[in-house]
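Undergrad: Here you go, one structure.
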Amino acid sequence: MSDKATSPPSAGNILWTRPVLSWALYDWASSAYSTTVMAVFFPVFFKGYWSTSSNEVSNLQLGVANSAASLIILLLAPILGAIADRAGARKKMLLFFGLIGVVLTASLPLVAQGHWLLACAVYAAATIGFAGANIFNDSLLVSVAPPQKTDMVSAFAYALGYLGGGLLFGLNVLMMLWPQTFGLSGQEAAIKVSFVMVAIWWAVFALPLLFFVDEPPAVGSRVAKRPVRAAFRQLKTTFQHIRRLRMTFLFLLAYWLYIDGVDTILKMATAYGSSIGIDQTVLLKAMLLSQVVGLPAVLLFGWFAEKKGAKLGIFICLSVYIASTLYASVMSSSADFYLLAISIAVVLGGIQSLSRSFYARLIPPALAAEFYGFFNMMGKFAAVFGPVLLGVTGVAAGNVRLSIIVLVLMFVAGGILLYFVDEKEGELAAREFAGSAAKPASPPA
């Protein structure tokens, strides 16, 4: 790896070094999918074009699609991370999963009206590509930023994600509201074109990472010939040593609980708003407003974490999420939804960014892809239950408002576990683990 990648400047210029900026631009690229497709256009289009069921049933269908994608990533994440570490293939894996997401996102317009099951399948597969690529993008954080700068670098990437995703989303909203201005026949055509634009945006702006971020060296010996076998052996070793990483494991449990609510709100917010009668135009404008608010907010959380610590920043985010979720259960007007979108936007990037950077301190850098595989596994394990739980509760109660209350319990439980995570103890244990992992292993059988 180059000196620039291993020892980047510690001053403010760190954000504008080529490796950091290239890495951060991947958030700019992929956020187009999470904003335009996942958070807004797919749920809206699904309810009005692909699914003809009731609000409760269509929410359940969408929830199952999200959960199925999360379940597959849950099963694959730790193995894929271990393979990437031991084969020195983090960037190759990112490219592979990114291409899956790009191609299938561009394929969504080909799904005919009323074919809700096929639409769910294509969307779930694209989401697998999106989430799988994020595993390897996250793992490269420790390669481009020194430990004392991970909070700010992670926040910078999320800020670029808000800016890039917001710019494209804003254009897509304009296309949907005034399709004739853009030479389109109507809203249906505008949304279909938007799916294709997201795929192109994602592919183009992912290129800097592939060209200008160095691949970390492989871990272990003879990895090129038997990376899969070595990966399974390394996973077994990691599980055996997890008791030495008590704080890392405790944080993963906390993250598993609170990120359930975060991901569920992100994926189901527009579907929920539509279900309680919020106008579609209001939903689009509120989500666009959230992009504008989210950009400075995530940078503020990055600055705050450098001064006061990432853990306290996560606690602040959780408090806002609890209050916002309770408010969402009783809201009824467009003004309520605008206020909810703003409050969530203030903390969404912050809690994701600070969780990613806080975790970076608790893991051995040489095994970052594997450990971020566990990180993503816990997040996706939670995401398997959140959307389905929301849908099932809504169907069982016959009221979608009651379903959202269950997310409060996840935020509270996650916060309680996070309170007991000792950052200094976790950093020390990670260093000791790195030392033991660096010792020569016996050759594979």
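Undergrad: On the basis of being out of contact with any Lys or Arg (no Cβ under 6 Å at 6 or more places or on another chain), under 17 Å from residue 265 (Cβ atoms) and not hydroxyl-bearing (Ser, Thr, Tyr), does residue 39 make the cut?
TA: Considered against the rule, which asks whether it is out of contact with any Lys or Arg (no Cβ under 6 Å at 6 or more places or on another chain), under 17 Å from residue 265 (Cβ atoms) and not hydroxyl-bearing (Ser, Thr, Tyr), residue 39 comes out as yes.
Undergrad: Let me ask something else. Of all the residues that make up segment 323-337, how many are of a type in the set (S, T, N, Q) and without any contact (Cβ under 8 Å) to a residue 12 or more places away in the chain?
TA: Qualifying residue count for the region: 1.
Undergrad: Residue 333 passes all but one of (1) surrounded by fewer than 17 Cβ atoms within 10 Å (Cβ to Cβ); (2) closer than 22 Å to residue 47 by Cα; (3) modelled with pLDDT of 85 or more; which number fails?
TA: Of everything listed in (1) surrounded by fewer than 17 Cβ atoms within 10 Å (Cβ to Cβ); (2) closer than 22 Å to residue 47 by Cα; (3) modelled with pLDDT of 85 or more, residue 333 misses just condition (3).
Undergrad: Check residue 42 against each of (1) surrounded by fewer than 20 Cβ atoms within 10 Å (Cβ to Cβ); (2) within 25 Å of residue 274 (Cα to Cα) and name the one condition it does not meet.
TA: (1)
Undergrad: OK, next. What are the residues in segment 247-273 that are modelled with pLDDT of 85 or more, hydroxyl-bearing (Ser, Thr, Tyr) and over 15 Å from the mean Cα position of the chain (by Cα), if any?
TA: Answer for segment 247-273, where residues must be modelled with pLDDT of 85 or more, hydroxyl-bearing (Ser, Thr, Tyr) and over 15 Å from the mean Cα position of the chain (by Cα): just 248.
Undergrad: If residue 359 passes every condition in (1) surrounded by 22 or more Cβ atoms within 10 Å (Cβ to Cβ); (2) hydroxyl-bearing (Ser, Thr, Tyr); (3) modelled with pLDDT under 90 but one, which one does it miss?
TA: Tallying (1) surrounded by 22 or more Cβ atoms within 10 Å (Cβ to Cβ); (2) hydroxyl-bearing (Ser, Thr, Tyr); (3) modelled with pLDDT under 90, residue 359 fails exactly one: (3).
Undergrad: Still on this model: When you go through (1) assigned to a helix (DSSP H, G or I); (2) open to solvent by 50 Å² or more (accessible area, probe 1.4 Å); (3) at pLDDT below 65 one by one for residue 238, which number turns out not to apply?
TA: The number of the failed condition is (2).
Undergrad: Hey, another quick one. When you check residue 337 against the structure, is it within 21 Å of residue 280 (Cβ to Cβ), of a type in the set (Phe, Trp, Tyr) and in contact with a Leu (Cβ under 9 Å, 6 or more places away or on another chain), yes or no?
TA: Spelling it out, residue 337 is indeed within 21 Å of residue 280 (Cβ to Cβ), of a type in the set (Phe, Trp, Tyr) and in contact with a Leu (Cβ under 9 Å, 6 or more places away or on another chain).
Undergrad: Mind checking which pairs have a first residue in segment 96-115 that is on the phi < 0 side of the Ramachandran plot and hydroxyl-bearing (Ser, Thr, Tyr) and a second that is open to solvent by 40 Å² or more (accessible area, probe 1.4 Å) and at pLDDT 95 or above, Cβ under 9 Å, 6 or more apart or different chains?
TA: 105/196
Undergrad: If you don't mind, another one. Given the structure, is residue 199 touching a Leu at 6+ places or on another chain (Cβ under 9 Å), open to solvent by less than 20 Å² (accessible area, probe 1.4 Å) and over 26 Å from residue 21 (Cβ atoms)?
TA: No.
Undergrad: Assess whether residue 248 counts as being buried (at least 21 other Cβ atoms within 10 Å of the Cβ) and of a type in the set (S, T, N, Q).
TA: Spelling it out, residue 248 is indeed buried (at least 21 other Cβ atoms within 10 Å of the Cβ) and of a type in the set (S, T, N, Q).
Undergrad: Further, regarding this structure: Taking the stated definitions as given, is residue 321 open to solvent by less than 10 Å² (accessible area, probe 1.4 Å) and assigned to a helix (DSSP H, G or I)?
TA: Considered against the rule, which asks whether it is open to solvent by less than 10 Å² (accessible area, probe 1.4 Å) and assigned to a helix (DSSP H, G or I), residue 321 comes out as yes.
Undergrad: Between 82, 87, which is open to solvent by 10 Å² or more (accessible area, probe 1.4 Å) and over 18 Å from the mean Cα position of the chain (by Cα)?
TA: Step by step, each of 82, 87 is checked, and only 87 is open to solvent by 10 Å² or more (accessible area, probe 1.4 Å) and over 18 Å from the mean Cα position of the chain (by Cα).
Undergrad: Checking the condition part of a helix (DSSP H, G or I), open to solvent by less than 20 Å² (accessible area, probe 1.4 Å), in contact with a Leu (Cβ under 6 Å, 6 or more places away or on another chain) and among the small types (Gly, Ala, Ser), which residue from 302, 313 passes?
TA: The unique qualifying residue is 313.
Undergrad: Please note which helices (runs of 4 or more DSSP H) are completely contained in segment 110-195 and include at least 3 residues that are buried (at least 24 other Cβ atoms within 10 Å of the Cβ) and at pLDDT 90 or above.
TA: Once the helices (runs of 4 or more DSSP H) in segment 110-195 are filtered for at least 3 residues that are buried (at least 24 other Cβ atoms within 10 Å of the Cβ) and at pLDDT 90 or above, what remains is 116-139, 150-177.
Undergrad: Still on this structure, I have one more. Quick one: count up the residues across segment 262-281 that are in a helix (DSSP H, G or I) and either under 30 Å from residue 149 (Cα atoms) or open to solvent by less than 20 Å² (accessible area, probe 1.4 Å) (or both).
TA: Counting residues in segment 262-281 that are in a helix (DSSP H, G or I) and either under 30 Å from residue 149 (Cα atoms) or open to solvent by less than 20 Å² (accessible area, probe 1.4 Å) (or both) gives 11.
Undergrad: Among the residues of segment 270-306, what is the count of those that are small (Gly, Ala, Ser) and farther than 25 Å from residue 357 by Cβ?
TA: Number of matching residues: 6.
Undergrad: I'm told residue 216 meets every condition in (1) modelled with pLDDT of 75 or more; (2) in a helix (DSSP H, G or I) except one. Can you identify the failing condition by its number?
TA: Every listed condition holds for residue 216 apart from (2).
The values are calculated or read from the model by the stated rules, or taken from the named source; none is laboratory data. Remember, predicted model here, so these are calculated numbers, not experimental data. Note that we place each Cβ from the backbone using ideal geometry, even for glycine, and neighbour counts take in every protein chain shown. Remember, those area values only see protein heavy atoms, side chains included, never the ligands or the DNA or RNA. Shrake-Rupley method; radii C 1.70, N 1.55, O 1.52, S 1.80 Å.
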